[in-house]
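The values are calculated or read from the model by the stated rules, or taken from the named source; none is laboratory data. These figures come from a predicted structure and were not determined experimentally. Cβ placement follows ideal geometry from the backbone for every residue including glycine, while neighbour counts extend to all protein chains displayed. Note: areas computed on protein heavy atoms with side chains; ligands, DNA, RNA excluded. Shrake-Rupley method; radii C 1.70, N 1.55, O 1.52, S 1.80 Å.
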Amino acid sequence: MTQSKPTVSFEFFPPKSIAASFQLWETVQTLAPMAPEFVSVTYGAGGAIRALTRDAVAAIAAQTPLRVAAHLTCVAASRAETMQIVENYAALGVSDIVALRGDMPGGGAFAATPDGFADSCALVAALAKRGGFRIHVGAYPEPHPESRGQAADIDHLKAKFDAGATRAITQFFFEPGTFFRFRDACVRAGITQPIVPGILPIENWAGVRRMAVRCGAHVPPEFDAAFAAAARDDTGQGNGRTDLLATVLCTELCDALLAGGAEHLHFYTMNRASQTRQVCHALGVTAEVDLQKVA
Ligand code: FAD
(Lines give C-alpha, C1' and ligand atoms only; values in the text may rest on other atoms or scores of the structure.)
Protein backbone atom coordinates (compact mmCIF):
# COMPACT_ATOMS: atom_id res chain seq x y z
CA MET A 1 0.00 0.00 0.00
CA THR A 2 1.36 3.42 -0.94
CA GLN A 3 2.56 5.41 2.10
CA SER A 4 2.44 8.90 0.69
CA LYS A 5 1.91 10.50 -2.68
CA PRO A 6 5.33 11.28 -4.15
CA THR A 7 6.42 14.03 -6.44
CA VAL A 8 7.65 12.63 -9.73
CA SER A 9 9.78 13.54 -12.72
CA PHE A 10 9.92 11.95 -16.16
CA GLU A 11 12.98 11.44 -18.33
CA PHE A 12 12.85 11.37 -22.12
CA PHE A 13 15.46 10.94 -24.83
CA PRO A 14 15.62 13.03 -28.00
CA PRO A 15 13.84 11.38 -30.96
CA LYS A 16 15.91 10.53 -34.03
CA SER A 17 13.10 10.10 -36.57
CA ILE A 18 9.70 11.54 -37.39
CA ALA A 19 8.01 8.42 -36.00
CA ALA A 20 10.02 8.70 -32.77
CA SER A 21 9.08 12.40 -32.52
CA PHE A 22 5.39 11.50 -32.63
CA GLN A 23 5.94 8.83 -30.01
CA LEU A 24 7.73 11.27 -27.70
CA TRP A 25 5.01 13.85 -28.13
CA GLU A 26 2.29 11.31 -27.38
CA THR A 27 4.22 10.27 -24.26
CA VAL A 28 4.62 13.89 -23.13
CA GLN A 29 0.92 14.53 -23.64
CA THR A 30 -0.04 11.40 -21.72
CA LEU A 31 2.27 12.01 -18.77
CA ALA A 32 2.24 15.80 -18.50
CA PRO A 33 -1.19 16.01 -16.84
CA MET A 34 0.26 14.15 -13.84
CA ALA A 35 2.00 17.41 -13.00
CA PRO A 36 5.59 16.16 -12.78
CA GLU A 37 7.91 18.43 -10.80
CA PHE A 38 10.04 18.49 -13.97
CA VAL A 39 10.79 16.49 -17.09
CA SER A 40 14.27 15.93 -18.44
CA VAL A 41 15.82 15.26 -21.84
CA THR A 42 19.00 13.21 -22.20
CA TYR A 43 22.07 14.29 -24.11
CA GLY A 44 24.22 12.42 -26.63
CA ALA A 45 27.82 12.65 -27.67
CA GLY A 46 27.67 13.79 -31.30
CA GLY A 47 26.78 17.23 -32.66
CA ALA A 48 23.67 16.03 -34.52
CA ILE A 49 22.31 14.25 -31.42
CA ARG A 50 23.03 17.33 -29.31
CA ALA A 51 20.93 19.39 -31.67
CA LEU A 52 18.11 16.88 -31.20
CA THR A 53 18.34 17.33 -27.43
CA ARG A 54 18.18 21.10 -27.83
CA ASP A 55 15.22 20.80 -30.21
CA ALA A 56 13.33 18.43 -27.89
CA VAL A 57 14.01 20.69 -24.89
CA ALA A 58 12.90 23.74 -26.88
CA ALA A 59 9.69 22.05 -28.09
CA ILE A 60 8.66 20.85 -24.63
CA ALA A 61 9.51 24.23 -23.07
CA ALA A 62 7.56 26.12 -25.74
CA GLN A 63 4.55 23.85 -26.05
CA THR A 64 3.87 22.83 -22.46
CA PRO A 65 3.96 24.46 -19.04
CA LEU A 66 6.40 21.79 -17.83
CA ARG A 67 9.67 22.64 -16.06
CA VAL A 68 12.40 21.19 -18.28
CA ALA A 69 15.78 19.87 -17.22
CA ALA A 70 18.40 19.50 -19.93
CA HIS A 71 21.07 16.83 -19.51
CA LEU A 72 24.63 17.89 -20.29
CA THR A 73 27.92 15.97 -20.33
CA CYS A 74 31.64 16.76 -20.47
CA VAL A 75 32.20 14.60 -23.59
CA ALA A 76 33.71 15.90 -26.81
CA ALA A 77 33.33 19.63 -26.20
CA SER A 78 35.54 22.42 -24.92
CA ARG A 79 34.50 24.35 -21.82
CA ALA A 80 33.54 27.29 -24.03
CA GLU A 81 31.33 25.11 -26.26
CA THR A 82 29.65 23.50 -23.26
CA MET A 83 28.99 26.84 -21.59
CA GLN A 84 27.55 28.18 -24.88
CA ILE A 85 25.09 25.27 -24.82
CA VAL A 86 24.26 26.28 -21.23
CA GLU A 87 23.57 29.86 -22.36
CA ASN A 88 21.33 28.54 -25.14
CA TYR A 89 19.37 26.54 -22.56
CA ALA A 90 19.05 29.59 -20.34
CA ALA A 91 17.64 31.53 -23.29
CA LEU A 92 15.04 28.80 -23.77
CA GLY A 93 13.94 29.20 -20.16
CA VAL A 94 15.51 25.96 -18.93
CA SER A 95 15.77 26.04 -15.15
CA ASP A 96 17.48 22.72 -14.41
CA ILE A 97 20.57 20.94 -15.71
CA VAL A 98 21.41 17.28 -15.14
CA ALA A 99 25.21 17.57 -15.12
CA LEU A 100 27.14 14.42 -15.99
CA ARG A 101 30.59 13.34 -17.00
CA GLY A 102 29.17 11.14 -19.76
CA ASP A 103 30.67 8.22 -21.67
CA MET A 104 32.96 8.13 -24.69
CA PRO A 105 31.01 7.61 -27.95
CA GLY A 106 33.03 4.51 -28.89
CA GLY A 107 33.18 3.11 -25.35
CA GLY A 108 36.32 2.85 -23.23
CA ALA A 109 37.70 4.99 -20.45
CA PHE A 110 36.61 8.62 -20.29
CA ALA A 111 39.13 11.06 -21.71
CA ALA A 112 38.57 14.77 -21.23
CA THR A 113 38.60 16.94 -24.35
CA PRO A 114 41.52 19.40 -24.49
CA ASP A 115 40.05 22.57 -22.94
CA GLY A 116 37.03 20.52 -21.88
CA PHE A 117 35.67 19.80 -18.42
CA ALA A 118 37.79 17.15 -16.75
CA ASP A 119 34.92 15.51 -14.89
CA SER A 120 31.41 15.98 -13.55
CA CYS A 121 32.66 17.99 -10.54
CA ALA A 122 34.28 20.56 -12.82
CA LEU A 123 31.07 20.88 -14.86
CA VAL A 124 28.96 21.28 -11.72
CA ALA A 125 31.35 23.90 -10.38
CA ALA A 126 31.13 25.91 -13.63
CA LEU A 127 27.33 25.73 -13.61
CA ALA A 128 27.21 26.78 -9.96
CA LYS A 129 29.54 29.68 -10.68
CA ARG A 130 27.31 30.87 -13.51
CA GLY A 131 24.24 30.49 -11.32
CA GLY A 132 20.60 30.39 -12.39
CA PHE A 133 20.12 26.61 -12.56
CA ARG A 134 19.16 23.84 -10.21
CA ILE A 135 21.92 21.29 -10.75
CA HIS A 136 21.17 17.56 -10.63
CA VAL A 137 23.87 14.87 -10.81
CA GLY A 138 24.05 11.11 -11.27
CA ALA A 139 24.56 8.61 -8.43
CA TYR A 140 25.19 4.87 -8.45
CA PRO A 141 23.67 2.60 -5.75
CA GLU A 142 25.34 -0.35 -7.47
CA PRO A 143 28.93 0.14 -8.56
CA HIS A 144 29.37 2.12 -11.77
CA PRO A 145 31.57 0.15 -14.21
CA GLU A 146 34.40 2.62 -13.40
CA SER A 147 33.82 2.61 -9.66
CA ARG A 148 36.91 2.63 -7.44
CA GLY A 149 34.83 1.26 -4.58
CA GLN A 150 31.79 2.52 -2.70
CA ALA A 151 33.76 4.80 -0.38
CA ALA A 152 35.41 6.52 -3.35
CA ASP A 153 32.03 6.76 -5.14
CA ILE A 154 30.43 8.43 -2.16
CA ASP A 155 33.39 10.80 -1.71
CA HIS A 156 33.01 11.68 -5.37
CA LEU A 157 29.26 12.24 -5.00
CA LYS A 158 29.91 14.43 -1.96
CA ALA A 159 32.40 16.43 -4.05
CA LYS A 160 29.68 17.02 -6.65
CA PHE A 161 27.35 18.32 -3.94
CA ASP A 162 30.13 20.44 -2.47
CA ALA A 163 30.69 21.88 -5.97
CA GLY A 164 27.07 23.05 -6.11
CA ALA A 165 24.75 20.17 -7.05
CA THR A 166 21.36 20.33 -5.40
CA ARG A 167 20.09 16.80 -5.95
CA ALA A 168 21.31 13.41 -7.16
CA ILE A 169 19.31 11.01 -9.31
CA THR A 170 20.33 7.36 -9.15
CA GLN A 171 20.91 4.79 -11.81
CA PHE A 172 17.98 2.34 -11.90
CA PHE A 173 17.91 -0.77 -9.69
CA PHE A 174 15.34 -3.47 -8.92
CA GLU A 175 15.42 -3.94 -5.15
CA PRO A 176 14.64 -1.25 -2.56
CA GLY A 177 17.43 -2.45 -0.25
CA THR A 178 19.96 -1.49 -2.93
CA PHE A 179 18.81 2.12 -2.69
CA PHE A 180 18.50 2.24 1.11
CA ARG A 181 21.99 0.82 1.73
CA PHE A 182 23.44 3.43 -0.62
CA ARG A 183 21.38 6.30 0.77
CA ASP A 184 22.28 5.38 4.35
CA ALA A 185 25.97 5.21 3.45
CA CYS A 186 25.69 8.65 1.86
CA VAL A 187 24.06 10.05 5.00
CA ARG A 188 26.81 8.50 7.15
CA ALA A 189 29.35 10.24 4.90
CA GLY A 190 27.71 13.58 5.65
CA ILE A 191 25.61 14.03 2.51
CA THR A 192 22.46 15.97 3.40
CA GLN A 193 21.11 16.76 -0.07
CA PRO A 194 18.31 14.65 -1.57
CA ILE A 195 19.13 11.43 -3.41
CA VAL A 196 16.28 10.54 -5.73
CA PRO A 197 15.67 6.95 -6.83
CA GLY A 198 15.74 6.48 -10.61
CA ILE A 199 12.96 4.08 -11.63
CA LEU A 200 12.92 2.12 -14.88
CA PRO A 201 9.39 0.94 -15.63
CA ILE A 202 9.47 -2.42 -17.41
CA GLU A 203 7.93 -1.89 -20.83
CA ASN A 204 9.87 -4.86 -22.21
CA TRP A 205 11.68 -7.25 -19.86
CA ALA A 206 14.25 -8.48 -22.41
CA GLY A 207 15.26 -4.89 -23.19
CA VAL A 208 15.35 -3.80 -19.56
CA ARG A 209 17.41 -6.87 -18.67
CA ARG A 210 19.97 -6.06 -21.36
CA MET A 211 20.28 -2.50 -20.04
CA ALA A 212 20.69 -3.80 -16.50
CA VAL A 213 23.54 -6.11 -17.50
CA ARG A 214 25.20 -3.26 -19.40
CA CYS A 215 25.14 -0.86 -16.48
CA GLY A 216 25.83 -3.40 -13.72
CA ALA A 217 22.40 -3.51 -12.04
CA HIS A 218 21.72 -6.77 -10.19
CA VAL A 219 18.87 -8.69 -11.84
CA PRO A 220 16.86 -10.66 -9.26
CA PRO A 221 16.57 -14.24 -10.58
CA GLU A 222 12.91 -14.37 -9.56
CA PHE A 223 12.19 -11.58 -12.06
CA ASP A 224 13.42 -13.81 -14.91
CA ALA A 225 11.26 -16.69 -13.72
CA ALA A 226 8.19 -14.49 -13.26
CA PHE A 227 8.47 -12.87 -16.70
CA ALA A 228 9.05 -16.27 -18.36
CA ALA A 229 5.91 -17.64 -16.69
CA ALA A 230 3.88 -14.55 -17.59
CA ALA A 231 5.02 -14.73 -21.23
CA ARG A 232 3.92 -18.39 -21.40
CA ASP A 233 0.49 -17.47 -20.05
CA ASP A 234 0.24 -14.57 -22.49
CA THR A 235 0.70 -16.68 -25.60
CA GLY A 236 -2.10 -15.90 -28.00
CA GLN A 237 -3.88 -13.62 -25.53
CA GLY A 238 -2.00 -10.35 -25.84
CA ASN A 239 0.44 -9.17 -23.17
CA GLY A 240 -1.97 -8.88 -20.30
CA ARG A 241 -0.08 -10.88 -17.69
CA THR A 242 3.34 -9.54 -18.64
CA ASP A 243 2.08 -5.97 -18.47
CA LEU A 244 0.38 -6.60 -15.15
CA LEU A 245 3.50 -8.24 -13.71
CA ALA A 246 5.62 -5.29 -14.87
CA THR A 247 3.24 -2.84 -13.20
CA VAL A 248 3.08 -4.83 -9.96
CA LEU A 249 6.86 -5.25 -9.64
CA CYS A 250 7.59 -1.60 -10.31
CA THR A 251 4.77 -0.39 -8.06
CA GLU A 252 6.01 -2.63 -5.22
CA LEU A 253 9.50 -1.17 -5.62
CA CYS A 254 8.16 2.39 -5.55
CA ASP A 255 5.91 1.64 -2.59
CA ALA A 256 8.83 0.28 -0.61
CA LEU A 257 10.96 3.31 -1.51
CA LEU A 258 8.23 5.70 -0.37
CA ALA A 259 7.68 3.72 2.83
CA GLY A 260 11.42 4.02 3.47
CA GLY A 261 11.41 7.80 3.14
CA ALA A 262 11.87 8.59 -0.56
CA GLU A 263 9.76 11.61 -1.45
CA HIS A 264 10.47 11.95 -5.15
CA LEU A 265 10.69 9.34 -7.92
CA HIS A 266 12.44 9.93 -11.25
CA PHE A 267 11.04 7.70 -14.02
CA TYR A 268 13.18 6.64 -16.99
CA THR A 269 10.24 6.53 -19.39
CA MET A 270 12.17 5.41 -22.49
CA ASN A 271 9.67 7.65 -24.31
CA ARG A 272 6.81 5.26 -23.54
CA ALA A 273 3.93 6.28 -21.35
CA SER A 274 2.15 3.02 -20.63
CA GLN A 275 4.01 1.52 -17.65
CA THR A 276 5.03 4.87 -16.17
CA ARG A 277 1.40 5.98 -16.19
CA GLN A 278 0.14 2.72 -14.72
CA VAL A 279 2.69 2.76 -11.92
CA CYS A 280 2.04 6.44 -11.18
CA HIS A 281 -1.69 5.77 -11.04
CA ALA A 282 -1.11 2.87 -8.66
CA LEU A 283 0.89 5.25 -6.46
CA GLY A 284 -1.92 7.79 -6.46
CA VAL A 285 -0.22 10.17 -8.90
CA THR A 286 -3.02 10.84 -11.35
CA ALA A 287 -3.91 13.54 -13.87
CA GLU A 288 -4.06 16.86 -12.06
CA VAL A 289 -3.81 19.56 -14.65
CA ASP A 290 -5.57 20.34 -17.86
CA LEU A 291 -2.70 21.19 -20.14
CA GLN A 292 -4.05 24.07 -22.16
CA LYS A 293 -0.83 24.39 -24.06
CA VAL A 294 -0.55 20.75 -25.15
CA ALA A 295 -2.53 20.54 -28.35
P1 FAD B 1 30.60 10.43 -12.19
O2 FAD B 1 29.71 10.27 -11.00
O3 FAD B 1 31.34 11.70 -12.27
O4 FAD B 1 31.64 9.23 -12.24
C5 FAD B 1 31.32 7.93 -12.70
C6 FAD B 1 32.01 6.86 -11.86
O7 FAD B 1 33.39 7.09 -11.78
C8 FAD B 1 31.49 6.81 -10.43
O9 FAD B 1 31.58 5.50 -9.94
C10 FAD B 1 32.47 7.71 -9.74
O11 FAD B 1 32.50 7.50 -8.36
C12 FAD B 1 33.75 7.35 -10.45
N13 FAD B 1 34.65 8.51 -10.42
C14 FAD B 1 34.74 9.48 -11.34
N15 FAD B 1 35.66 10.39 -10.96
C16 FAD B 1 36.12 9.97 -9.77
C17 FAD B 1 37.07 10.47 -8.86
N18 FAD B 1 37.74 11.60 -9.11
N19 FAD B 1 37.30 9.78 -7.72
C20 FAD B 1 36.62 8.64 -7.46
N21 FAD B 1 35.71 8.11 -8.29
C22 FAD B 1 35.48 8.77 -9.42
N23 FAD B 1 24.85 9.74 -20.19
C24 FAD B 1 24.75 10.49 -21.31
O25 FAD B 1 25.62 10.38 -22.20
N26 FAD B 1 23.71 11.36 -21.51
C27 FAD B 1 22.76 11.55 -20.57
O28 FAD B 1 21.83 12.35 -20.76
C29 FAD B 1 22.81 10.79 -19.36
N30 FAD B 1 21.90 10.94 -18.38
C31 FAD B 1 22.06 10.28 -17.19
C32 FAD B 1 21.17 10.54 -16.14
C33 FAD B 1 21.33 9.91 -14.92
C34 FAD B 1 20.37 10.22 -13.80
C35 FAD B 1 22.38 8.97 -14.72
C36 FAD B 1 22.55 8.27 -13.40
C37 FAD B 1 23.26 8.70 -15.76
C38 FAD B 1 23.13 9.34 -17.00
N39 FAD B 1 24.02 9.13 -18.04
C40 FAD B 1 23.91 9.87 -19.21
C41 FAD B 1 25.08 8.13 -17.93
C42 FAD B 1 26.39 8.75 -17.40
O43 FAD B 1 26.88 9.71 -18.30
C44 FAD B 1 27.40 7.61 -17.26
O45 FAD B 1 27.00 6.72 -16.27
C46 FAD B 1 28.82 8.09 -17.02
O47 FAD B 1 29.69 6.95 -17.14
C48 FAD B 1 29.03 8.68 -15.65
O49 FAD B 1 28.63 10.00 -15.57
P50 FAD B 1 28.46 10.67 -14.09
O51 FAD B 1 28.46 12.13 -14.20
O52 FAD B 1 27.32 10.06 -13.40
O53 FAD B 1 29.82 10.17 -13.50
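Note that the range 7-294 presents 45 Å² accessible area per residue, ligands and nucleic acids not counted, probe 1.4 Å. Among residues other than Lys160 with Cβ under 13 Å from its Cβ, the summed charge is -1 (Lys and Arg +1, Asp and Glu -1). Label sites at Val219 and Ala35, each approximated as a point 7 angstrom past Cα along Cα to Cβ, lie 3.9 nm apart. Once neighbouring chains are kept in place and the probe is 1.4 Å, which whole percent of the accessible area of the chain is contributed by carbon and sulfur? Accessible surface attributable to carbon and sulfur in the chain totals 54 percent. Divide the volume of the convex hull around the Cα atoms of the range 139-295 by the residue count and you get 143 Å³ per residue. Listed by chain and number, the aspartates and glutamates whose alpha-carbon sits under 16 Å from that of Lys16, ignoring those within fewer than 8 places in the same chain, are Glu26, Asp55. Projected over all directions and averaged, the alpha-carbon convex hull of the chain occupies 15.6 nm².
Estimated at 0.36 nm per residue, the fully extended path between Asp55 and Glu146 surpasses their Cα-Cα distance by 29.6 nm. Taking amide H as placed 1.01 Å from N in the peptide plane, Val196 has its amide H under 5 Å from the amide H of Ala168, Ile169, Thr170, each at least 5 places away in sequence or on another chain.
Distance distribution note for the range 53-152: the fraction of Cα pairs above 18 angstrom is 50%. Hey, with R₀ at 22 Å, roughly what FRET efficiency would Phe22 and Ser274 work out to, going by the Cβ-Cβ distance, to 0.05? Given R0 = 22 Å and the Cβ-Cβ separation, E is 0.90. Neighbours of Glu26, meaning other residues whose beta-carbon lies under 13 angstrom from its beta-carbon, give a summed charge of +2 when Lys and Arg score +1 and Asp and Glu score -1. Near Arg188: Cβ cut-off under 14 Å, other residues only, Lys/Arg at +1 and Asp/Glu at -1. The net charge is 0.
Ellipticity at 222 nm from helices only: DSSP H runs of n ≥ 4 in the chain, each -39500 (n - 2.57), divided by the residue count, give -15000 deg cm²/dmol.
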